[in-house]
Amino acid sequence: MKKYFREDVRILCQDTGQAIYYPFGTPLYEIIENQGIKREFPILGAYVNNKLRELSYRIFKPKIIRFTDITSSDGRRMYYRSLSFVLFKAVKDIYPKAVLNIDHSVSGGIYCEVENGHQLDAEAIAAIRQRMAEIIEKDLPFERSELPTKDAIELFVENGLYDKSRLLAGRRDLFTSVYRLDNRINYFYGHLVPSSGYLKVFGLDAYYDGLILRMPDPNNPEQLSPMKKQPKLFHIFREHKEWARLIDGSHVGQLNEQLKLSKASEFIKMAEALHEKKVVRIAEEIEACSQDVKLVLISGPSSSGKTTFSKRLAIQLKVAGLKPHAISLDDYFVNREDNPKDENGEYDFETIKAIDIELFNSNILDLMAGKEVHLPKFDFTEGKRVYNNNVLKIGKNDILIVEGIHGLNPELTAHIEYRHKFSIFISALTQISIDHQNYIPTTDNRLLRRLIRDARYRGYSALETLRRWPSVRRGEEKYIFPYQENADVMFNSALLYELGVIKNLAVPLLKSIPPDEPEYSEAARLLKFLSYFKEIPDQEIPPTSLLREFLWGSSFTY
């Protein structure tokens, strides 16, 4: 009989550039120690064949390894999830019957609520913060176990984590990862750091009726991210979260159960009706001050649905007796040779300096003064501004709608009086969460929208979109989000049902990412995320839906 022997496994460590042989089953943390790998910040995990793994992961086959820390997006997510577990344990240790809701990002942190029968006061928050510090000081390990899903569901029910049991009941995986921190268990759809001692930088402060969990600053991980006042963003988040709660759609497990009852059609109709109701209200606000307001400015990050929102708003303004005219901020780009460049010597199309602000202000002021204006058109092929027969003159009931990422930047309309402007910020502020402690970042929602739109309408592969996304996000953080609180109103473009629809188209795109590409890790993460959602057909989505901008079948012309 042939005998099989364990052999050493070849590891290529990209941090050192060396290929080394290690015993069969060596964990990643031993490789760090053996190779003496040092970084400015603690190593939290590793990409093993371009797939994120925890440091307890054991090597049984030849692998290519690259370690990561908090300076990467995956590292920050590992830190956040782990800190969330520490917060969960601290709350449960003090209030055993409490429910911790980790809801959404806002003001430079994560907003949370504790349902424990009374409102949190300063003393209660201080006690939770102190308990978190004690857990971190003890350097307790995050222990991961693979259990049969049936057993995991029973375990969560025994511990009162019914949101987890509902979520897992809708999946068909044979096994489920369950995490333990001392005497507490939980479930996360991503990886954790090795132990609580890695989480020394954190903050916990009172925020409205709840608290805000503060994380390390991405640009300076030894310090906390600065707090930012965002009352308008918080209000729109809370409004939509409450709406989702009222219709029993706060968590994915709840939504999936509703779909089992054939309520997809009802969810689509309700979500679309809510959108229309909000657009109507915004149009009514504009109409009420239309004697002064002549310029509507619409801004928002990538894939927030600005274009379709603008078209739907224009229809409602017409119903109100106004005559809207769309002006694209893109047509005010400076000629290509005059466009500023970034630190890498590449054209920076995101900066406001790429816009001819003086010409834009001159044209708008002339229009508001009743003058006839010859509007420009930017030729993206030639990289130059051209003029055709687009001549505009507006009257008493006319109103201008300008859509662009710099719409809320005061520098754009510095020469136009405030009373003549009405500004709108739009973004996909996802209402639904995976469960009580796993919220869905709005950036994931928008990235999935963009993947589909880029593949369908712009000829970009999923790989190209994922490669561009970090640059897009940097531009948003620099040029869009700092001005969102300048808006007169905010519009949430997320639809409660949309991730079930997006799943149908996004999964094949994500599966096309080759394993030898660095973006494979992000594709794997998004595939895991989408696996929680039941698929929803798109037949009943109306042709005017904002979601049609990213799918197909829209009745609007783009």
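Computed over protein heavy atoms with a 1.4 angstrom probe, the accessible surface ordering of Ser72, Ser299, largest first, is Ser72, Ser299.
Cross-link reach is defined here as a Cα-Cα straight distance under 17 Å, omitting same-chain residues fewer than 8 places apart; for Lys371 the lysines meeting it are Lys294, Lys323, Lys393, Lys396. P(r) for segment 369-498, from all Cα pairs and a bin width of 10 Å, is 9, 26, 35, 22, 6, 1 %, short bins first. When Rg and the Kirkwood Rh are both derived from Cα coordinates, the Rg/Rh ratio for segment 1-104 amounts to 1.14.
The chymotrypsin sites (Phe, Trp or Tyr not before Pro) of segment 121-210 include none that meets both criteria, a DSSP state outside H, G, I, E and B (loop) and at most 10 other C-beta atoms within 10 angstrom of the site's C-beta.
Normalising the average separation of contacting C-alpha pairs (under 8 angstrom, six or more residues apart) by the number of residues puts the relative contact order of the chain at 15 percent. Helices in the chain, meaning DSSP H runs of at least 4 residues, each add -39500 (n - 2.57). Divided by all residues, the mean residue ellipticity at 222 nm is -11500 deg cm²/dmol.
When the accessible area of segment 379-421 is computed with all protein chains present and a 1.4 Å probe, what percentage of it is carbon and sulfur? Of all accessible area on segment 379-421, carbon and sulfur atoms account for 48 percent.
Taking the Kirkwood radius as Rh and the Cα radius of gyration as Rg, segment 439-505 has a ratio of Rg/Rh equal to 1.00.
When you restrict to C-alpha pairs under 8 Å that are six or more residues apart and normalise by the size of segment 122-204, the relative contact order lands at 43 percent.
Extending 7 Å from Cα along the Cβ direction at Gln14 and again at Thr544 yields two label points whose distance is 4.9 nm.
Calculated on C-alpha atoms, the gyration radius of segment 57-175 divided by its Kirkwood radius gives an Rg/Rh of 1.01.
Atom-type composition of the exposed protein surface of segment 45-131 places 50 percent of the accessible area on carbon and sulfur (1.4 angstrom probe).
Subtract the Cα-Cα distance of Glu372 and Lys228 from 0.36 nm times their separation in residues, and report this length gain in nm to one decimal.
Between Glu372 and Lys228, full extension yields 47.6 nm more.
Convex hull over the Cα atoms of segment 252-334, averaged projected area in nm²? Walk me through the numbers on the way to the answer.
Numbers: hull surface 30.8 nm².
About 7.7 nm², averaged over all directions.
Expressed as a fraction of 2.2 N^0.38 Å, the rule-of-thumb size for a compact globular protein of N residues, what is the C-alpha radius of gyration of the chain? In units of the globular-protein estimate, the chain measures up at 1.05. Students often get this wrong: which residues of segment 195-214 have the backbone nitrogen under 18 Å from the point 7 angstrom along Cα-to-C-beta of Gln119? In segment 195-214, the label zone of Gln119 (backbone N under 18 Å from the point 7 Å along Cα→Cβ) covers 205-212.
Rolling a 1.4 Å sphere over the protein heavy atoms, what is the accessible area per residue of segment 461-542, to the nearest Å²? That works out to 40 Å² per residue.
I'd like to check one number: the per residue accessible area of segment 184-242, probe 1.4 Å, reported in Å² as a whole number.
I get 44 Å² per residue for this part.
For segment 338-457, the solvent-accessible area with a 1.4 angstrom probe is 45 square angstrom per residue.
The apolar share of the surface of segment 517-558, taken as the fraction of accessible area on carbon and sulfur atoms (1.4 Å probe, ligands and nucleic acids excluded), comes to 54 percent. Per residue, the Cα convex hull of segment 478-558 amounts to 166 Å³. Within the straight-line cut-off of under 26 Å between alpha carbons, the lysines reachable from Lys63 are Lys3, Lys38, Lys51, Lys511, Lys528, sequence neighbours fewer than 8 places apart in one chain being disregarded. Would you be so kind as to identify all helices of the chain, as entire DSSP H runs, whose Cα atoms reach 30 Å or more along the helix's own axis and whose mean Kyte-Doolittle hydropathy is at least -1.0? For the chain, where a helix must reach 30 Å along its axis and average at least -1.0, the hits are 73-94, 264-288. Beta bridges from DSSP with both residues in the chain: antiparallel share about 70 percent, rounded to the nearest 5.
The values are calculated or read from the model by the stated rules, or taken from the named source; none is laboratory data. Quantities reported herein were computed from a predicted structural model and do not represent experimental measurements. Ideal geometry is used to build each Cβ from the backbone, glycine not excepted, and the neighbour counts take in all protein chains shown. These area figures cover heavy atoms from the full protein model, side chains too; ligands, DNA and RNA do not enter into them. Shrake-Rupley method; radii C 1.70, N 1.55, O 1.52, S 1.80 Å.
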